[in-house]
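Asker: Mind looking over this structure? Questions follow.
Every read-out reported here was derived from the displayed coordinates using simple, explicitly stated rules and does not represent laboratory data. Computed from a predicted structure; not experimentally measured. Ideal geometry is used to build each Cβ from the backbone, glycine not excepted, and the neighbour counts take in all protein chains shown.
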Amino acid sequence: MDAKYDTIGVDYANLRKPDHRIQAAIEAALGTAKIVLNVGAGAGSYEPVGKEVTAVEPSSEMIAQRKPSNASVVRGVAEDLPFPDNSFDASMAVLTIHHWTDQATGLSEMRRVTRGPIVILTYDPAFRGFWLADYIPELVTLDEQQMPKLSLYQQELGPVDIQSMPIPHDCTDGFLCAYWRRPSAYLDPKVTAAMSSFWAIDNVSDALQSLKQDIADRTWQERYGHLQQLNECDLGYRLVVAR
Ligand SMILES: C[S@@+](CC[C@H](N)C(=O)[O-])C[C@H]1O[C@@H](n2cnc3c(N)ncnc32)[C@H](O)[C@@H]1O
């Protein structure tokens, strides 16, 4: 069982607090479902309140960071969901699919066990334009290697709606692009420790040194300062909803 998050996940619950605007979008997509499966649940972020939730997660470190809740927690992987067909009204998978070893099988497993909507928050690997990739170009290659093309969802789940999930400037969930308007955050190893991309790229110290220099001499502000006018930004995150 892949439990890479036994390492990455240390202190995850503090650094990756669910963002209420993203939560609202996920809950709206789950609709009136009462019995919900959360695949790759991590520490339980974005699990809807007032519904019967079952969480599936391979990492015991992540499971240990769950807050007390009524959810049932099962140690397992998306590729082999231990439930009969059509067990859930809806299912969700948030910022996890890029970690699955077999994404197509994981999606078809979600379809098999779900009667209604399947809600997936992910990233479009064809998206370009996040300024951090100007410093760390490996981020683009990594996305292309890890993130499924958006066409995979329709292939495995049937018809899907795909909508942009703009990221608020003060996003509380510290995933890779969350600090797009707070560039100094990327210089803090405690912050980047909760971003799996920083674990996957060998050496970012020269890139971060350049970023630090550019912030100090205001080169960053000259290049990207227009972002300071925005309250939210499309950075390639997508909410995929299969009905
Ligand atoms: C970035 S975390 C996201 C966790 C949670 N959904 C959230 O939004 O905070 C990715 C999670 O996917 C889990 N994961 C890795 N491989 C998996 C697999 N094959 N099936 C299900 N979950 C997996 C990791 O252990 C980790 O907890």
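Asker: May I ask for the angle, rounded to the nearest 10°, between helix 205-216 and the longest principal axis of the chain, with both axes built from Cα atoms and the value confined to 0 to 90°?
Answerer: Long axis of 205-216 versus the principal axis of the chain: about 60 degrees.
Asker: I would also like to ask the following. Express the relative contact order of the chain as a whole percentage, based on alpha carbon pairs under 8 Å and six or more residues apart in sequence.
Answerer: It comes to 22 percent, rounded to a whole number.
Asker: Taking the range 22-71 on its own, what percent of its Cα-Cα pair distances exceed 17 Å?
Answerer: Looking at the range 22-71, the distances longer than 17 Å represent 31 percent of pairs.
Asker: Now for a separate question. Based on the Cα gyration tensor of the range 114-198, what are the three equivalent ellipsoid semi-axes, each the root of five times an eigenvalue, rounded to whole Å and given largest first?
Answerer: In descending order the semi-axes read 27, 15, 11 Å.
Asker: Bin width 5 Å, alpha-carbon pairs only: give the P(r) of the range 119-167 as whole percents, running from 0 to the bin holding the largest distance.
Answerer: Once binned at 5 Å, the Cα pair distances of the range 119-167 give 4, 18, 27, 23, 16, 8, 4, 0.
Asker: On C-alpha positions alone, give me the angle between the axis of helix 103-113 and the longest principal axis of the chain, in degrees, nearest 10.
Answerer: In the chain, helix 103-113 runs at an angle near 40 degrees to the longest axis.
Asker: When every alpha-carbon pair in the chain is counted, what percent end up more than 34 Å apart?
Answerer: 15 percent
Asker: Would you please give the residues with an amide H less than 5 Å from that of D173, counting only those at least 5 places away or on a separate chain, with H modeled from the backbone geometry?
Answerer: Here D19 satisfy the definition.
Asker: Going by amide H atoms built from the backbone, whose H comes under 5 Å of the H on K34, apart from near neighbours?
Answerer: D89
Asker: Mind listing the phi-derived Karplus ³J(HN,Hα) values for the range 49-66, rounded to whole Hz, using 6.51, -1.76 and 1.60 with θ = phi - 60°, and x for any glycine or proline?
Answerer: Running phi through 6.51 cos²θ - 1.76 cosθ + 1.60 with θ = phi - 60° gives 7, x, 10, 8, 10, 10, 10, 10, 7, x, 8, 5, 4, 5, 4, 5, 8, 5 Hz.
Asker: Then there is this: In terms of modelled amide H atoms, which long-range or inter-chain residues lie less than 5 Å from the amide H of R238?
Answerer: Those qualifying (amide H under 5 Å, at least 5 residues apart or on another chain) are T122, Y123, D124, M165.
Asker: Going Cα to Cα from K4, which lysines come in below 26 Å? Please leave out same-chain ones fewer than 8 positions away.
Answerer: Reachable lysines: K17, K67, K149, K190.
Asker: May I ask you to evaluate 6.51 cos²θ - 1.76 cosθ + 1.60, the Karplus curve with θ = phi - 60°, for each residue of the range 130-137 and list the ³J(HN,Hα) values in order in whole Hz, giving x for glycine and proline?
Answerer: 7, 4, 4, 5, 5, 8, 10, x
Asker: Within 10 Å of each residue's Cβ, count the other Cβ atoms and sort W199, W220 from fewest upward.
Answerer: Arranged by neighbour count, lowest to highest, W199, W220 become W199, W220.
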